[in-house]
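Each remark here refers to the structure printed beneath this line.
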Amino acid sequence: MINPEAKLVANIFEKPDMASTREGFGKGVVEAGKADERVVVLTADLAESTNAHHFQKAFPERFVQMGVAEQNLATVAAGMANYGKVPFITSYAAFNPGRNWEQIRTTIALNDVPVVVNGMHAGVSVGPDGATHQALEDIAMMRALPNMTVISACDSEEGRKATLAAAKRGKPVYMRWGREKSPVMTTADTPFAIGKAIEFWRGKDPKVAIFGTGSLVHNALLTARELEKENIGVVVANVHTIKPLDNEKILSLARECGAVVSVEEHQVHGGLGGAIAELLAEKAPTPMEFVGMHDKFGQSGTGAELIEHYGMGVKSIIEAAKKVVARGHT
């Protein structure tokens, strides 16, 4: 059943409200700007697509249009952070951090300055834009950087909270955002803290822990509901922070359940699944299955079609859960 402590939306399964996670950024960064005059926003010719235009309208004197120059986007923001500003930089994730990773590494992460890097239109759900624009490696790229926090919000409301938290972090942060509308699962009362995973679902006598991130957490919840009908107990945890990982929660659930599934709209190499596998290999070896992109590029299509085609739909998560339960409980 849904964990009451998570304080989720009541209609999470039946016609939930829909909003893109990037909309949460648009709202959150305006709130952050009102709370702290040091907050500035820079973008690379994509103000509306990244929802940065809301900040531009509210604080035009604190908004900088860099043009199609993602390397400059990162280095100018690093300079501003060195002089006391809290810059948020926005573009598509394929370009930010895809095109300017070296500048992020050298001028932001190495100097440990509080720039918040925002990669929009991530994952295959960006759909018709095709493989070139479907960032599927960004989590791996960014979590490898020392000093970098990595966040992937499950919905727009959590994204709003995450943006506010990032503005107060005082360190480099990477935030991953989706373009397509996805189910709104959380409420204003749902707990959120950087580095703290939260259980969204807890079944009776759980045999598998499903760790999800981003909008695919909803598919993980749909999976749990179906598995419960077959008397397979499940715990679903929303891992919105991939770095720092909530080691304590992940180890606890892995030991309790004896089987683990990771779910992400990202390459399984180096993403959430990789991070969890590294932890479990060291601290608590546990049978594990990985749901995500398996060493492939995407292609053009609708977001829903691509999620199913690449094995990230509910059916695929169910299959992964059953497979790992059989491995872990024989």
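Here are some residues: GLU278, GLU289. Which one is under 20 Å from ALA140 (Cβ atoms), in a strand (DSSP E or B) and within 22 Å of the chain's Cα centre (by Cα)? Reasoning before the result, please.
Numbers: GLU278 fails: in a strand (DSSP E or B).
The match here is GLU289.
Residue under question is VAL263, and the condition is that it be crowded, with 23+ Cβ neighbours inside 10 Å, in contact with a strand residue (DSSP E or B) (Cβ under 6 Å, 6 or more places away or on another chain) and either without any contact (Cβ under 8 Å) to a residue 40 or more places away in the chain or not assigned by TED's automatic domain parsing to the domain that holds ILE151 (or both); does it hold? The answer is yes for VAL263.
Only a single item in (1) surrounded by 22 or more Cβ atoms within 10 Å (Cβ to Cβ); (2) of a type in the set (D, E, K, R); (3) in a helix (DSSP H, G or I) is not met by GLU319, and it is number (1). Test MET120 against the stated conditions and say whether it is hydrophobic (A, V, I, L, M, F, W, C), in contact with a strand residue (DSSP E or B) (Cβ under 9 Å, 6 or more places away or on another chain) and surrounded by fewer than 20 Cβ atoms within 10 Å (Cβ to Cβ). Considered against the rule, which asks whether it is hydrophobic (A, V, I, L, M, F, W, C), in contact with a strand residue (DSSP E or B) (Cβ under 9 Å, 6 or more places away or on another chain) and surrounded by fewer than 20 Cβ atoms within 10 Å (Cβ to Cβ), MET120 comes out as no.
A quick yes/no check of all residues on (1) surrounded by fewer than 22 Cβ atoms within 10 Å (Cβ to Cβ); (2) within 18 Å of LEU216 (Cα to Cα):
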{"position": "GLU5", "(1), (2)": "yes, no"}
{"position": "ASN11", "(1), (2)": "yes, yes"}
{"position": "MET18", "(1), (2)": "yes, yes"}
{"position": "LYS27", "(1), (2)": "yes, no"}
{"position": "ALA44", "(1), (2)": "no, no"}
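Inspection of segment 63-80 identifies no residue that is surrounded by 23 or more Cβ atoms within 10 Å (Cβ to Cβ) and within 17 Å of GLY24 (Cα to Cα).
Would it be correct to say that LYS204 is of a type in the set (D, E, K, R), within 22 Å of THR149 (Cα to Cα) and assigned by TED's automatic domain parsing to the domain that holds LEU279?
Working: of a type in the set (D, E, K, R): yes; within 22 Å of THR149 (Cα to Cα): no; assigned by TED's automatic domain parsing to the domain that holds LEU279: yes.
When the stated conditions are applied, LYS204 does not pass them.
Consider segment 162-205 and keep the residues that are among the polar types (S, T, N, Q) and buried (at least 19 other Cβ atoms within 10 Å of the Cβ). The one that is farthest from ASP129 (Cα to Cα) is THR190.
Considering only segment 11-22, I want to know if a residue exists there that is farther than 16 Å from THR186 by Cβ and either without any contact (Cβ under 8 Å) to a residue 60 or more places away in the chain or not in a helix (DSSP H, G or I) (or both). Yes, some residue in segment 11-22 is farther than 16 Å from THR186 by Cβ and either without any contact (Cβ under 8 Å) to a residue 60 or more places away in the chain or not in a helix (DSSP H, G or I) (or both). I'd like to know if segment 86-93 contains one or more residues that are part of a strand (DSSP E or B), in contact with a Leu (Cβ under 7 Å, 6 or more places away or on another chain) and surrounded by fewer than 20 Cβ atoms within 10 Å (Cβ to Cβ). The answer is no; no qualifying residue exists.
Counting only residues that are part of a loop (DSSP other than H, G, I, E, B) and in contact with an Asp or Glu (Cβ under 6 Å, 6 or more places away or on another chain), which one in segment 213-239 is surrounded by the fewest Cβ atoms within 10 Å (Cβ to Cβ)? Show your work before the answer.
So in segment 213-239, the residues part of a loop (DSSP other than H, G, I, E, B) come out as 213, 230-233, 239.
Applying the additional criterion that residues be in contact with an Asp or Glu (Cβ under 6 Å, 6 or more places away or on another chain) yields 213, 233.
Numbers: THR213: 31, GLY233: 16.
Out of the qualifying residues, it is GLY233.
When segment 123-161 is filtered for residues that are of a type in the set (Asp, Glu) and surrounded by fewer than 24 Cβ atoms within 10 Å (Cβ to Cβ), the ones remaining, listed by number, are ASP129, GLU137.
The values are calculated or read from the model by the stated rules, or taken from the named source; none is laboratory data. Given the structure is predicted, the values throughout are model-derived calculations rather than measurements. Please note: Cβ atoms are built from the backbone with ideal geometry, for glycine as well, and neighbour counts cover all protein chains shown.
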